[in-house]
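Shown next, in structure tokens, is the structure this report addresses.
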Amino acid sequence: MSIKKRFISCVLQEEVNFSAICKAFQISRECGYKWLKRYRESGEKGLEELSRKPLLSPFKTSDVVEDQILAVREKHQAWGARKIYAFLKRKGVTNLPTPSTITRILHRHGKIEEGESIRHTAFMRFEHAKPNQLWQMDFKGQFWISSGQCHPLTVLDDHSRYSLDIRACANQQAVTVKTSLINIFREYGLPERMTMDNGSPWGSPSEKNGYTGLEVWLIRLGIYVSHSRPFHPQTQGKDERFHRSLKAELLRGKSFANLESIQKEFDEWRWCYNHERPHEALKLNSPASRYQVSSRKYPESLPVIAYDIGSEVRRVAANGEMNYKGEKYYISESMKGLPVKIVESNRCGILNVYLDRQKVKEIDLINKRVAKKIV
């Protein structure tokens, strides 16, 4: 500023060489004329450095849109820029900035902590081609509430990631799971297959490789039952990822009084997850956009097990054993009184045992033993 003032003082003297003065101050003639013009128009104030910020910024996010971005983030604090962008676009908001700009807006308003980085890699990229071909079921880790413990039971459609239920359960007993599944089946129909881990109540690692009553019930409904490999939670990858979202977006840092209050929160969050929340694995569409109710209706009474005429059939005894050519082979106590079908395998000395349509055991006739359960 002092240099500019001295320059103007020199220029205003009579009979001076303008070019020589500019050379003495080491500025161009264009710069000198600019300073002189500003001084004559505005005095010393005109010599102050002007802001380089443009008067108009056509690409600046409007305050209204920025407020909408911050409002979504406030309501869904675990959502990143891409989810916010897809959600607002679906709501018809125009002139949205890019997700990278939304990230900068969140940083500027302190909505993202410095150093925060979410690095979640999907356990398994494979997905089934249609809804209801496979449902994944699991209990999310229990947590304490004022009245005891909550054991969230989750059921997820593999193809669409549609959440069929999140049930706030007081325990992990088979009767609790069965009651929840009946309600799901009545609303959404039956899937072709269900997969779960090997633990209780659906798995039975301690029952001589037998089947639980819950598994037998599902098989009799015509649902193929499978289990994840022990110590391989990635087999249940989509449900595991769902649990992380549930924890981050709803459960973290919150406390609940009872199962009724948490069930209300589960229902509200599940609706948002299914219908509003953009899902990155679905190209930012919602699970509801890909899910359809199954055409297989839930039968209120279990169907009678019937095999083709000529099939070789045995009935499972009360102790879970089956007689075959004078030998006893353990099948499962949960199948007591039920007929099973014997089919010769294409492998020498091996018989396959079916309950309804599902293969449940292999019998080794040579070594007189039954292999582990078929999962």
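Since every read-out is calculated from the coordinates, none of them should be taken as a lab result. Being a predicted model, the structure only gives us computed values, none of them experimental. Cβ coordinates were reconstructed from backbone atoms using ideal geometry, including for glycine residues, and neighbour counts include every protein chain displayed.
Using a simple spin-label model with pseudo-atoms 7 Å out from Cα toward Cβ, residue 302 and residue 70 lie 6.0 nm apart.
Using only the alpha-carbon atoms, how far is helix 99-108 inclined from the longest principal axis of the chain? Give it as 0 to 90 degrees, nearest 10. For helix 99-108, the angle is close to 70 degrees. 3J(HN,Hα) couplings calculated from phi for the range 23-31 with the Karplus curve 6.51 cos²θ - 1.76 cosθ + 1.60 (θ = phi - 60°) are, in sequence order, 5, 5, 8, 6, 10, 7, 4, 4, 5 Hz; Gly and Pro show x. Considering only Cα atoms, the convex hull volume of the range 239-351 works out to 258 Å³ per residue.
Given 0.36 nm per residue, what is the gain on full extension from residue 312 to residue 30 after removing their alpha carbon distance, in nm?
On the way: separation 282, 0.36 × 282 = 101.52 nm, distance 10.42 nm.
Using 0.36 nm per residue and subtracting the Cα-Cα distance, I get 91.1 nm.
The local environment of residue 263, defined by Cβ-Cβ distances under 15 Å, has a net charge of 0 under the rule Lys, Arg +1 and Asp, Glu -1.
Please figure out what share of the DSSP beta bridges in the chain is antiparallel and state it in percent, rounded to the nearest 5. In the chain, DSSP labels about 85 percent of beta bridges as antiparallel. Summing Lys and Arg as +1 and Asp and Glu as -1 over all other residues whose Cβ lies under 11 Å from the Cβ of residue 224 gives a net charge of 0. Extension gain, residue 77 to residue 226: 0.36 nm times the residue separation minus the Cα-Cα distance gives 50.1 nm.
The angle between the Cα long axis of helix 81-90 and the main principal axis of the chain comes to about 90°, on a 0 to 90 degree scale.
Couplings 3J(HN,Hα) for the range 64-72, derived from phi with the Karplus relation 6.51 cos²θ - 1.76 cosθ + 1.60 (θ = phi - 60°), are 5, 5, 4, 5, 5, 4, 5, 5, 5 Hz, where x marks Gly and Pro.
What is the helix-to-structure angle for 259-275, meaning the angle in degrees between its Cα long axis and the longest Cα principal axis of the chain, kept from 0 to 90 and rounded to the nearest 10? Its long axis makes an angle of about 70 degrees.
May I ask you to list the residues of the range 128-157 whose amide nitrogen lies under 18 Å from a point 7 Å from Cα along the Cα→beta-carbon direction of residue 198? Under 18 Å, as judged by backbone N against the label point of residue 198, lie 137-139 of the range 128-157.
In order along the range 348-358, the Karplus-derived 3J(HN,Hα) couplings, from 6.51 cos²θ - 1.76 cosθ + 1.60 at θ = phi - 60°, round to 4, x, 10, 10, 9, 10, 10, 10, 6, 9, 9 Hz, and Gly and Pro are given as x. Does the chain classify as rounded, prolate or oblate by the C-alpha gyration tensor (a ≥ b ≥ c root eigenvalues; a/c under 1.5 gives rounded; else a/b over b/c gives prolate, otherwise oblate)? Here the chain falls in the prolate category.
Assuming a ≥ b ≥ c are the square roots of the Cα gyration tensor eigenvalues, decide whether the range 63-108 counts as rounded (a/c under 1.5), prolate (otherwise, with a/b larger than b/c) or oblate. Taking the square roots of the gyration eigenvalues as a ≥ b ≥ c, the range 63-108 is rounded.
Given a cut-off of 19 Å, name the pairs among 238/361; 75/264; 178/341; 89/283; 238/264; 140/238 whose C-alpha atoms lie farther apart than that in the structure shown. Mind showing how you got there, number by number?
Details: 238/361 28 Å; 75/264 17 Å; 178/341 26 Å; 89/283 13 Å; 238/264 24 Å; 140/238 13 Å.
Exceeds cut-off: 238/361; 178/341; 238/264.
Using a ≥ b ≥ c from the Cα gyration tensor of the range 312-370 (square roots of the eigenvalues), is it rounded, prolate or oblate, where a/c under 1.5 gives rounded and otherwise the larger of a/b and b/c decides, a/b for prolate? Cα axes put the range 312-370 in the oblate bin.
For the range 2-47, the alpha carbon convex hull comes to 60 Å³ per residue, rounded to a whole number.
Net charge of the neighbourhood of residue 65, taken over other residues with C-beta under 12 Å away and scored Lys/Arg +1, Asp/Glu -1, is 0.
Label sites at residue 369 and residue 268, each approximated as a point 7 angstrom past Cα along Cα to Cβ, lie 5.7 nm apart.
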